[in-house]
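A.B. asks: Just dropping this structure here.
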Amino acid sequence: VGVDVLRSASLPLLKRFGIEGEMALQVVRRGAPPSGVGEVVLKLPAVRTLHPLHLTDPGRVKRVRGLAYGSRVSPQILARVVEAARGVLNSYLPDVWVYTDASGGKEAGAGYAVCLVAESTNGVLLAAEATGGGGADPEEVGAAAASQLMEEVAQGGAIDAAHQPLALLLMAFGA
């Protein structure tokens, strides 16, 4: 799970379990394999108890937000990723915004990815992401992330596949 999925979907899921206080995830520097060198700062409060979670109705998707980010790649590649993702999603939903974040640095690896999050009328967040680099076609990366998100929505769940282990662990701790 990428850092943007953690910020966009994982932290709000923690709030549903009653974890309150200062929660923040700041991307100081992005990186990509093989060298990585990305840096993030995560702040989470210490908690003593967790609240039960009741998510039975996922609701209907009302909007999709996302971020296409790259390290040492051309901004045009990110624009192609966004266009491909929107091409898939706009057929079903008009409210789709995918932002771009291009960064560089001599020590950072070259690569790119896209993170998409669907928000429902009941506040459910479903996330999907795809990564590119090493010759991957930007249009395929954008379409893959959008298709993965559409599959998550079609399954009708209230928690996406990437967050089910976290939710299960928190439910076990809250019991």
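A.B. asks: Once neighbouring chains are kept in place and the probe is 1.4 Å, which whole percent of the accessible area of the stretch 34-124 is contributed by carbon and sulfur?
C.D. replies: 53
A.B. asks: Which whole-number percent gives the relative contact order of the stretch 104-163, counting Cα pairs below 8 Å spaced six or more residues apart? Could the numbers behind the result be given before it?
C.D. replies: Working: 74 pairs, mean separation 19.8, N = 60.
Here the relative contact order equals 33 percent.
A.B. asks: From Cα pairs below 8 angstrom and at least 6 apart in sequence, can you work out the relative contact order of the stretch 1-102, rounded to a whole percent?
C.D. replies: RCO, the stretch 1-102: 22 percent.
A.B. asks: Moving on to the next point. Could you state the accessible area per residue of the stretch 20-72 in Å², with a 1.4 Å probe and every protein chain left in place?
C.D. replies: 70
A.B. asks: Would you compute, from DSSP H runs of 4+ residues alone, the mean residue ellipticity of the chain at 222 nm, taking -39500 (n - 2.57) per run and dividing by the full residue count, rounded to the nearest 500?
C.D. replies: -8500 deg cm²/dmol
A.B. asks: Can you tell me the dipole magnitude for the chain around its Cα centre, using point charges on the Cβ only (Lys, Arg +1; Asp, Glu -1), in Debye to the nearest 20?
C.D. replies: 420
A.B. asks: Mind pulling the angle between the C-alpha long axis of helix 138-154 and the longest principal axis of the chain? Nearest 10 degrees, somewhere in 0 to 90.
C.D. replies: It is inclined by approximately 20 degrees.
A.B. asks: Which one of Pro94, Ala154, Ser10 is farthest out on the positive end of the charge dipole of the chain, using unit charges on Cβ (Lys, Arg +1; Asp, Glu -1) and the Cα centre as origin?
C.D. replies: Ser10
A.B. asks: While we're on this one: Show me the ranking of peptides 91-97, 63-69 by mean Cβ neighbours inside 10 Å, starting with the highest. Mind showing how you got there, number by number?
C.D. replies: Details: 91-97: 12.6, 63-69: 23.3.
Highest mean packing first, the order is 63-69, 91-97.
A.B. asks: Which percentage, to the nearest 5, of the DSSP beta bridges contained in the chain is antiparallel?
C.D. replies: 75
A.B. asks: Let me ask another. Rg and Dmax of the stretch 20-131 over Cα atoms: what are they, in angstrom?
C.D. replies: Looking at the stretch 20-131, its Cα Rg and Dmax stand at 16.9, 48 Å.
A.B. asks: Could you compute how much accessible surface Ile19 exposes when probed at 1.4 Å, giving the result in Å² to the nearest 10?
C.D. replies: 20
A.B. asks: While we're here: How far is helix 164-174 tilted off the main Cα axis of the chain, in degrees rounded to 10, range 0 to 90?
C.D. replies: Result, in degrees: 30.
A.B. asks: Evaluate the distance, in nm, between pseudo-label points positioned 7 Å from the Cα of Asp137 and of Thr56 along their respective Cα→Cβ axes.
C.D. replies: Roughly 4.5 nm, to one decimal.
A.B. asks: Please report, in debye to the nearest 20, how large the charge dipole of the stretch 104-165 is about its Cα centre when each Lys and Arg carries +1 at its beta carbon and each Asp and Glu carries -1 there.
C.D. replies: Dipole of the stretch 104-165, to the nearest 20 debye: 160 debye.
A.B. asks: How much length would be gained if the chain were fully extended between Thr121 and Arg29, taking 0.36 nm per residue of separation minus their Cα-Cα distance, in nm to one decimal?
C.D. replies: Separation in residues times 0.36 nm, less the Cα-Cα distance, equals 29.8 nm.
A.B. asks: Around Arg63, which amide H atoms from residues at least 5 apart in sequence, or from another chain, sit under 5 Å from its own amide H, with H modelled in the peptide plane?
C.D. replies: Glu119
The values are calculated or read from the model by the stated rules, or taken from the named source; none is laboratory data. Fair warning: this is a prediction, and the values are worked out from it, not measured in the lab. Note that we place each Cβ from the backbone using ideal geometry, even for glycine, and neighbour counts take in every protein chain shown. Just so you know, the surface numbers come from the protein's heavy atoms only, side chains and all, with ligands and any DNA or RNA stripped out. Shrake-Rupley method; radii C 1.70, N 1.55, O 1.52, S 1.80 Å.
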